[in-house]
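Student: Pasting a structure below so you can have a look.
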Amino acid sequence: MSCGDQSGHVEAVADETFVELARKQCKNKHHKICGQVLYVPIVEAPGETGVGRFGWKDQQASLLSFAGDAYLNEMGITTRLFPDEVTKLCNTAPEPNDPPEPDGLDDLDHFARFIRASKAPARDSQLAETPVSKRGSELFDKVGCAACHVRTLTTAPAGTKINGGKFTVPDALGAKTFYPYSDFLLHDVGTGDGIAVPMIEHYGRRMYETKWKNFSPEHFQTAKDKLRTAPLWGVRFRNRLMHDGASTTLRDAVVRHSGEALEVSRHFQRLSRSDQEALLDFLASL
């Protein structure tokens, strides 16, 4: 699973922003590049859904849901949102096993707060100011990378209710412009694994007992070969790229893009060697 850095800002982007971004993207790219919006259950708000933005498959819309998902499926820890073990074998501990602390918050709440407050690494300002990197920034737009790796997004105003009304955007996150280099939408870039989001694992055993607004299992099937656009902030600190970690250099990751991104990858490969290096230097400054 992956939620990325500066997750609080991503969570605070209004659903409508992603919907409109997908619409304009598809129109401007003449339906060659069309990010998919996936409405997913907000586990802490039964019946409510939101636009997925966390995880490789955009399987969660809220950080509390994401945290509960990770606790269960990554660490085997049950919580109030996911009270059932994946397996009942050898399960002797009382469930859930995270009672509230004196402040009224349980461990899941504290963990969601922690990732909500995380920050992305600052850019390498020295490299970013070089003429080569600035040239690479221009080429990033010219070849089409910015179609999906969107430079800027803006959060909803402070006071906005999100996550099915369970969270209010605070002043610290409200109406803030940030630079993720991602649209957080689902795309087929030719490296999909063919796996549709498994419902029970990510939304709990009781999900089929609830009627979810705007929820369509069919949409999950159409997204099985798609992946969320990886944010590029902090990419210089990663030595394993793409969803499977199979790319070990920025060049390999760019060239490996196909599917919706095939034309963009070809534009990159047609650049002169110096222009390719300039674009890669720009990426290395993020």
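Every number in this text was worked out from the coordinates using simple rules, so none of it is lab data. Predicted model only: the values in this text are computed from it and were never measured. Counting neighbours? That spans all protein chains shown, and the Cβs are built from the backbone with ideal geometry, glycine included.
Student: Just want the ordering: 263, 48, 74, from fewest to most Cβ atoms lying within 10 Å of their own Cβ.
Tutor: With the sparsest Cβ surroundings first, the list reads 74, 263, 48.
Student: Taking the Cα-to-Cβ direction at residue 216 and at residue 256 and moving 7 Å from each Cα, how far apart do the two end points lie in nm?
Tutor: That separation, rounded to one decimal, is 3.1 nm.
Student: Write out the trypsin sites (Lys or Arg not before Pro) in segment 225-286 meeting two conditions: DSSP loop, and at most 11 other Cβ atoms within 10 Å of their Cβ.
Tutor: 240
Student: In units of 2.2 N^0.38 Å, what is the alpha-carbon radius of gyration of the chain?
Tutor: Output field value: 1.04.
Student: Test of the criteria: in segment 103-203, which GluC sites (Glu not before Pro) are in a DSSP loop and have at most 16 other Cβ atoms within 10 angstrom of their Cβ?
Tutor: 129
Student: Next up: Over segment 127-191, consider all pairs of different Cα atoms and compute the Kirkwood hydrodynamic radius from their mean reciprocal separation; express it in Å, one decimal.
Tutor: Value: 14.3 Å, from the Cα pair sum.
Student: Among all the aspartates and glutamates, which ones have a C-alpha under 18 Å from residue 32's C-alpha, if same-chain residues fewer than 8 places away are not counted?
Tutor: Counting by Cα, and skipping residues close in sequence, residue 32 has these aspartates and glutamates nearby: 20, 141, 183, 188, 225, 260, 263.
Student: Do you know the relative contact order of the chain, to the nearest whole percent, from alpha carbon pairs under 8 angstrom that are 6+ apart?
Tutor: This gives 24 percent for the chain.
Student: Measure up 27/57; 161/224; 29/211; 88/161 against 32 Å on the Cα-Cα distance and list the ones that go over.
Tutor: Distance filter (> 32 Å) returns 29/211; 88/161.
Student: To continue, here is another question. Assuming 0.36 nm per residue, please report the length gained on full extension of the stretch residue 248 to residue 152 beyond their Cα-Cα distance.
Tutor: 32.0 nm
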